[in-house]
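Shown next, in structure tokens, is the structure this report addresses.
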Amino acid sequence: IDWFLDGILPKDIVQIKTGRSHSISYERYGAGEVIFRQGDVGDRVYSLVSGEVEVVEQIDGTDKILARLRPGEFFGEMALINDEPRVAAVRAVTNVDVLIIYRQDFEALLDHVPGMKQIFDQVMEEHLSEAADSTLSKGDG
């Protein structure tokens, strides 16, 4: 877990020394590949290491791009925090590398790392705001 935290928190905030987790992994996706689909069960959170992804909501058979994410950003947290199915799909725009943290370790981070819940609440709020802005701007055209 400590190597995952190094990517999201300043080193002076927390140091967790654990063995290599079996619940955190690294994956690569090719351009155009779907990382997860709208309606999927949320069992992991993704941290974008390289590349670009788009968050896509399907409404009445039409894809609506809600956001484009770049390295250093997270996605997939809403389904875990809200314990609901994925509200949108995410697909790779370019070749991407992601770190994945599975539900058990994610929940442990939220429970035991001071400030972690607030960080992900803020990320979730930003994602919801981007989705609302996208909806409003598409309606104006």
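Please work out the FRET efficiency for the pair ARG68 and ARG103, using the Cβ-Cβ distance as r and a Förster radius of 25 Å; give the result to the nearest 0.05.
Step by step, r from the Cβ atoms, then E = 0.45.
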One finds, for ASP111 and SER25 with R0 = 22 angstrom and r their Cβ-Cβ distance, a FRET efficiency to the nearest 0.05 of 0.55
The simple spin-label model distance between MET124 and VAL93, using points 7 Å out along Cα→Cβ, in nm, is 2.5 nm
Using the Kirkwood formula on alpha carbons, the hydrodynamic radius of region 27-115 in angstrom works out to 13.3 Å
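Just so you know, all these numbers are worked out from the coordinates, no wet-lab data involved. Bear in mind that the values here come from a model prediction, so they are computed numbers and not experimental data. Positions of Cβ are generated from backbone atoms using ideal geometry, with glycine treated the same way; all protein chains shown enter the neighbour counts.
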